[in-house]
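Below you'll find the structure, written out as structure tokens, and then a few comments.
Only the coordinates and a few stated rules stand behind these numbers; no lab work does. As the structure is a computational prediction, the values presented were derived from the model and not from experiment. Positions of Cβ are generated from backbone atoms using ideal geometry, with glycine treated the same way; all protein chains shown enter the neighbour counts.
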Amino acid sequence: MDMQGHWYPVSLAHSVEPGSAAGVRLDGRELVVWRDGEGGAHVWEDRCPHRGMRLSLGFVREGRLGCLYHGWEFGADGQCSHIPAHPDSQVPKAIRTRPYPKEVRFGMIWTALSAEPPPPLPEDAAEITPVASLYLDCAAAAALSALRASRLPPFRAGDHDAGTVFETVAPTLFRLSAGSESILVGLQAVAAERTALHIVIEGPGVVYAGQGQSHFLRWAQELRHRIETPSLNSANRPGEAP
Amino acid sequence: MPDLTLYNYDLDESCYKARLLLSFLGLDCKIVAVDVFPGREQTTPPFLALNPLGRLPILTDGDFVLTGTEAILAHLARAHDPSERWLPMEGEAFARVMSWLTFSARDLDVTITARQRSLFGPPGDETSLVAASRRLLRIMDEHLLARGYTGEEWFAAPHPTIADIALFPAFALSRDVGIDHDEYPALRRWSRRFRGLSGFRVMPGIPEYF
Ligand code: FES
């Protein structure tokens, strides 16, 4: 897959809480996703400009990401604003982290490996209910073809005979719908043979929180089981479209 | 005041579990340092007299000698936590705590072995131990994920219990065997909450901040 020029989801939005940081990988590159106190999301190279340690091990304090190792702190603009060993001196402007484009949409945090943001993602549905992030030992293309072949059982009774419709919303975002229900699946190419699927329900929490989420989690776990169990891939695929 | 003594090795994650609960409960406890590495002191006669299996932690409560990490956690909670929060006694919460203690004692052993090999052992092939550790962390992650759907944030009850203590080090120390936290979002959020509990203590290998 051509990695340039597309948005990629790297996390469900609620998985990175305000005031915390997490490491993620995209095409083998290590990135840090962090949210400031107000919940604003930031995506940087996961490397401290001081000695190159991983910033994702650090801590968020007063809207800044601090490095665990020697406490250098970086503001939302990526600029180093504080060096504990030299608290009184002006920090040179050149000391800054490498930022990546970022966007929060469809209940996921997105980034891109290009310097400039790719063309905008489509507008999202009004209400999203998160389900899960699945991490798979396969290439993005293999995960995508398993997703295409899967059948989505609707959560609410009455829709049970509805067929599954697969739709490409954006180059890395897909919709599976069954009757009046639909889920969105964002595709993250973690590394050559590692892929993550970020799954959300297009619908409000009042309908789907609890049992609805569990229902689609079970669907997702079955999908993963098929991908991880090669013998199931040749014959006899229960629950899949003919 | 209880008369407690813990035979302890700072780098041992099982001892760390006991230290965590002692600290959460605010209990005074005498700590006896045992030279596990390189001394293997726990396998010498004075310690074998306390635990013939030659393992730590060992707890004494007055004249009572107790071994086995999960039993020590359960005893401390039962005997010294009047609130019964750390070991809830009502139906399902109690059973769930037992289930995760069993998981910790029987299954998570693999994560301890993987870590000991990579820190102290001769270089070897840890691939299968690491793969097994990943599977276990995934089971933990998805349990918490599913509990999160109904607003639950801890493994066994609406509040932290000794189950959370028994499970915490396997995740917090997983980077020692090269397992990043990237792929366990529910465990990540849980571990942040766990670190925020009053009385939380670190051990070598677990950074103070997260
Ligand atoms: S490596 Fe980040 S502050 Fe030194």
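Observations
- Ordering of A:53-61, A:182-190, B:48-56, A:139-147 by packing [mean C-beta count within 10 Å, highest first]: A:182-190, A:53-61, A:139-147, B:48-56
- When DSSP beta bridges are restricted to pairs lying wholly in chain B, around 65% turn out antiparallel.
- Sparsely packed trypsin sites (Lys or Arg not before Pro) within region A:87-117, loop by DSSP, other Cβ within 10 Å at most 14: A:Lys93
- Amide H partners (placed H, <5 Å) of A:Arg151, local residues excluded: A:Ala241
- Inter-label distance for B:Ala131 and B:Ser99, nm, one decimal - labels placed 7 Å from Cα along Cα-to-Cβ: 2.8 nm
- Rounded FRET efficiency, nearest 0.05, which uses the C-beta distance separating A:Ala209 from B:Glu92 and R0 of 25 Å: 0.75
- Result for chain A in a Gaussian network model with C-alpha springs under 10 Å: among A:Ser133, A:Ser11, A:Ser81, the largest mean-square fluctuation is at A:Ser81.
- About the centre of its Cα atoms, region A:1-152 shows a dipole size close to 380 debye [charges on the beta carbon of Lys, Arg (+1) and Asp, Glu (-1) only; nearest 20 debye].
- Shielding by other protein chains, B:179-187, mean Cβ within 10 Å: 6
- Three-way shape label, chain B, alpha-carbon gyration tensor, a/c 1.5: oblate
- Positive contributions from Lys and Arg (+1) and negative ones from Asp and Glu (-1), summed over other residues with Cβ under 13 Å from the Cβ of B:Ile179, come out at 0.
- Global geometry of region B:124-164, whether rounded, prolate or oblate, following the gyration tensor of its Cα atoms and the 1.5 cut on a/c: oblate
- Taking the average, over residues, of other Cβ atoms within 10 Å as the packing measure, peptides B:183-194, A:211-222 rank B:183-194, A:211-222 from highest down.
- Look at the stretch A:17-24: the mean tally of other chain Cβ atoms within 10 Å of its residues' Cβ atoms is 4.
- Shielding by partners - mean other protein chain Cβ count within 10 Å, residues of B:145-152: 5
- Considered as an equivalent ellipsoid built on the Cα gyration tensor, region A:8-111 has semi-axes of 23, 14, 11 Å, the largest given first.
- Sorting the segments B:161-170, B:94-103 by their residues' average number of neighbouring beta-carbon atoms within 10 angstrom, most packed first, yields B:161-170, B:94-103.
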